[in-house]
1. Post the alpha-carbon centroid distance, the range A:108-183 to the range A:1-73, in whole angstrom.
2. Over the whole of A:228-236, what's the average partner chain Cβ count within 10 Å per residue? Rounded to a whole number, please.
3. Please determine, in degrees from 0 to 90 and to the nearest 10, the orientation of helix B:125-141 with respect to the longest principal axis defined by the Cα atoms of chain B, where the helix direction is its Cα long axis.
4. Would you mind computing, in nm to one decimal, how far apart the modelled labels at B:Glu83 and B:Val127 are, each placed 7 Å from Cα along Cα→Cβ?
5. For the range A:187-251, state the semi-axes of the equivalent ellipsoid (square roots of 5 times the eigenvalues of the alpha-carbon gyration tensor), sorted largest first and rounded to whole angstrom.
6. Using modelled amide H (1.01 Å from N, peptide plane; none on Pro or chain starts), what sits under 5 Å from the amide H of A:Val432, excluding residues fewer than 5 places away?
7. Using the Karplus curve 6.51 cos²θ - 1.76 cosθ + 1.60 with θ = phi - 60°, what ³J(HN,Hα) values do you get for each residue of the range A:335-347, in whole Hz, with x for Gly and Pro?
8. Can you run phi through the Karplus equation (6.51, -1.76, 1.60; θ = phi - 60°) for the range B:224-240 and list ³J(HN,Hα) in whole Hz, with x for Gly and Pro?
Amino acid sequence: MTAALEVKNLTVGFGGRPGQDPVVQDVSFEVAAGECLAIVGESGSGKSVTARSLLGLAGAHSWVQADAVSITGQSVLGLPESAWRRRRGRDVGLILQDALVSLDPLRPIGREIGDSLRLHTKLSAADRTRRVLELLDSVGLPDGASRIRQRSGQLSGGQRQRALIASAIALDPPLLIADEPTTALDVTVQAQVLELLAEIKRRGNAIVLISHDLAVVSRIADRVAVMSAGRIIETGPTAEVLQNPQHPLTRAMLAAVPVDKPRRTQLSAVPVATIAPRSTVPDGLSVDDYPVRPVVLEASELRRSFRRPDGSRLVAVDDVSFRLHRAETLGLVGESGSGKTTTARLALALETPDAGEVRIFGEPWSAVQEKARRRLRGSVGAIYQDALGSFDPRLTVGDILRHALRAPAGGTTERGGSGHLSTESSQLLDQVGLPSGVLSRRPVDLSGGQRQRVGIARALASRPRILICDEPVSALDVTVQAQVLDLLDELQQELSLSLLFISHDLGVIGHMSDRVAVMKDGRIVETGATADVFADPRHPYTQQLLEAVPRFPQRSR
Amino acid sequence: MSDIEIQAGLGRASGGQSSHPEQRPQRAAGRPGVVEIISALFGLFLVVSALVPTLLAPGDPLGIDPLAAFTPPSAGHWFGTDESGRDIYTRVVHGTGSSLVIGIVATAIGLGLGILLGTAAGMLGRVVDFTVNRFLEVLFAFPGLLLALLFILIYGPGVATATVAVGLSTAPGYARIIRGQLISVRSSSFVEAATVQGLPRWRILVRHILPNTLAPLLVLGTLGIGQAIVWASALSYLGLGAAPPAPEWGAMLSAGRTYITSAWWMSFFPGLFIVLTAVCATTIGRSIERRMRHA
């Protein structure tokens, strides 16, 4: 039987002469019908370019060379654009990451899904509608008759992704390419979409799954190909690669995944900075120790609502109370829209609560004027998800740190000259493991991990005692994420920082937090010591969340 | 027409700071293109004409020579002569000064007023914002040129009034853009980060908000100069700006209108200079904009 997809020595590059500076080099693999091959790798490893080349969509100024690329036995190498157009959708379907931008917001999803039927088949309009309804039903979007008139904006993230999958499988192409199909989704929705893909696989379609998330891959892929710097560095059956990785880079990627790694386990392979050795630090304190630690931040019965465009009120945060103790990490976990970020903004006093109060160090915080807060601003630092957006685009790293040091709440005690400020800036960079050479560069020119380090350095400038971290690692690759998490961990121990750590990622939360609070629809539904909550979740929602976390197959099998 | 162009110009200028710059196609920012070099040379020509017109055209722009009336372009008279035998080239060169001054001053008035209104609307709370916005909407209801005509109707024709009129009628567009830019910068994450650092409001305004709002406007201003020159010429053409014998491009264009079938050069060359100046200012503006984005 011919393989659904066969790729031999695929090499792709952009600009220049063909053969020069390839971004994908000598990539070979095969996928059989009913099989799922996952291509994993970090951003920039060439996995998306590989996937797009299989659709003839490598992009402008690109060149593609290969010994063979064939879909269901037919060579597609060097096909002209018109021939590709006939094949796309019919022989090979594409599922993209962000259904919100992949679906035309102005067209009803029924028409979007029906498009490929209209282009590739001779079905009548009525037959097309019938087929669209069948498709919607098969991807788990019931009540199709009303759905087909809806536009992408009226659907939730999971529903949009389902609609997108429906349009990709409309002509039942033997090969499906899914480029990060679940990356933008909440964990429970992600689990449902993965189940749907597994179902499609069982029907006999071949799937090439592109993902940076090894745990997602372990759920549905039969085989894994790990890419790095444009090459496949390791390939094999999923269980084998994940449990017994051969290549050091694969091993580093696996070690960096925080899921089920106990608190204070180092994730990154290389030490981030040379601070006190880890072994001397006692393990996470048990819950009983908390009463003796002073409370640094206390939120009581917070409530905050916003007005929707239609005039109704959305209660973003409802009756939220928590305490943050000295040198502990409180993890706040929940899906998008659960009120995590509003809670962070309330804790930072960027938002005023409708009811309830935030106090820091026992002093009023949310209930006073900004002017009165300014004295204490320096003791509360913030780290953002989008580090780049949190920097003034005109400033260099040096400017950013100098401004932070000179701010009223800044850390400079003596009013030294500019030389003194640059010494302190360099020290801050040293603390977050960056060379002082980046001082003269702009954040735009730094990598994601470096940017987040600069963000942490800025937060440290005022010598804070509390850090509010809102999804600090969500935008980062897993190995970079591991380094940043390790850095935060070390800084916490060194400086006795209290962290309010917000994330949608249960793996990260489980690894980082001493205690955890689970948010849903603006309320904290469960709270307790992390180990207890993860081992014995009481609230049904927490149970559901934990079940949905993609895990590696257990080694003891 | 020009409002749309300005909006598009700013859209790109401000997009430079919000979108991810590394995804932009890397165009050589340092090396100027052919069009940019030509624009720069023409710009230099204009500046010299404005400052020392006699250097480029030693003749008298008002000196008549009835015997040489209606001479077509020749070696003696590069751009030909008009109905009184005045040399068109000399007049065009000598008219550069007033045209440029009108363009620059009018743009300055428009931008200045726009910054004032836009900043007030963007920073001083909801009541001011509402009031300013309604006021701007009323102004928007009139076509820009009509607004200028209205102003001239009240204060009488002349170069000064035409300049002020053009400035006034461009102000609402600038104000609207500045307000939008201000609001987007004000709610951006780095302004919030400055609040978290404990910076007082006014220092955030001076250090972060204003520079990020106004930097793209410098480019917009360059684009606006070309537009203002066209408008001022239009007013002169209608006889509401510079008076006929004065060497002003719009007025010359208007004077040539009567003889357009027999002496095309009388309107062609002033018109050409209006167009080229506008194109030149726009090109230079765009190239500054691109350079700033890459910086």
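1. Comparing the Cα centres of the range A:108-183 and the range A:1-73, I get a distance of 27 Å.
2. Mean partner shielding for this stretch: 0.
3. So the helix axis and the longest Cα principal axis differ by about 30 degrees.
4. 5.9 nm
5. 23, 13, 11
6. Correct list: empty.
7. Coupling constants for the range A:335-347: 8, 4, x, 8, x, 5, 5, 4, 4, 4, 5, 5, 5 Hz.
8. For the range B:224-240, the Karplus curve yields x, 4, x, 5, 4, 4, 4, 5, 4, 5, 4, 5, 4, 4, 6, x, 10 Hz.
Read-outs: derived from the displayed coordinates by stated rules, not from any lab. This one's a predicted model, so the numbers in the text were calculated from it and none came from an experiment. Cβ atoms come from the backbone with ideal geometry, glycine included; neighbour counts cover every protein chain shown.
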